[in-house]
1. Given the criteria touching a Ser or Thr at 6+ places or on another chain (Cβ under 7 Å) and surrounded by 12 or more Cβ atoms within 10 Å (Cβ to Cβ), does residue 69 qualify?
2. Which residue pairs have Cβ atoms under 9 Å apart, sit 6 or more places apart or on different chains, and have a first residue in region 64-89 that is in contact (Cβ under 8 Å) with a residue 12 or more places away in the chain and under 26 Å from residue 4 (Cβ atoms) and a second that is part of a strand (DSSP E or B) and hydroxyl-bearing (Ser, Thr, Tyr)?
3. Is region 32-53 home to any residue that is assigned to a helix (DSSP H, G or I) and among the aliphatic types (A, V, I, L, M)?
4. Can you confirm whether region 4-27 contains a residue that is in contact with a strand residue (DSSP E or B) (Cβ under 9 Å, 6 or more places away or on another chain) and either at pLDDT below 95 or loosely packed, with under 11 Cβ neighbours inside 10 Å (or both)?
5. Could you tell me which of the residues 45, 54 is under 27 Å from residue 87 (Cβ atoms), of a type in the set (A, V, I, L, M), in contact with a Lys or Arg (Cβ under 7 Å, 6 or more places away or on another chain) and surrounded by 12 or more Cβ atoms within 10 Å (Cβ to Cβ)?
6. What single numbered condition from (1) outside any helix (DSSP H, G or I); (2) surrounded by 10 or more Cβ atoms within 10 Å (Cβ to Cβ); (3) not hydrophobic (A, V, I, L, M, F, W, C) fails to hold for residue 60?
7. Among the residues of region 82-92, write down those that are loosely packed, with under 12 Cβ neighbours inside 10 Å and under 13 Å from the mean Cα position of the chain (by Cα).
8. Residues of region 72-97 being modelled with pLDDT of 95 or more and touching a Pro at 6+ places or on another chain (Cβ under 6 Å), which ones?
Amino acid sequence: MLLVPDWIDEALAVSVLDEAGRPPSGTVLRVETLAEGRCVQTLHVGAHDDKADVLTRLHREYLPEHGLRPTGHHHEIYLSDARRVAPEKRRTILRQPVRPV
């Protein structure tokens, strides 16, 4: 998931993809607005493979300690370009929708 300005709509995204060339087969691209409500989020700095430990601690420790439970799947917002940033310096927001227990 990548953040894009509000003025980028689906028509503009499609025209840019047509001009730049389609992404690899199996890649899903879409423009949507999330209305997820209450969330817990954290900034993960490091390789994408290392984020599982952070998510495990979030679900097993932080949420129960704060009287929260997940209300859906977590999602990730990639702040770094994986083609240009070393794995140990990549920044990703991990966000989990929640509700009180």
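The values are calculated or read from the model by the stated rules, or taken from the named source; none is laboratory data. Computed from a predicted structure; not experimentally measured. With ideal geometry, Cβ positions are generated from the backbone for all residues, glycine too; neighbour counts draw on all protein chains shown.
1. no
2. 76/92; 77/92; 78/92; 79/92; 80/92
3. Within region 32-53 (the criterion being assigned to a helix (DSSP H, G or I) and among the aliphatic types (A, V, I, L, M)), the answer is yes, since at least one residue qualifies.
4. Checked against the condition, which is being in contact with a strand residue (DSSP E or B) (Cβ under 9 Å, 6 or more places away or on another chain) and either at pLDDT below 95 or loosely packed, with under 11 Cβ neighbours inside 10 Å (or both), region 4-27 yields no hits at all.
5. 45
6. (1)
7. Hits for region 82-92: nothing passes.
8. 96
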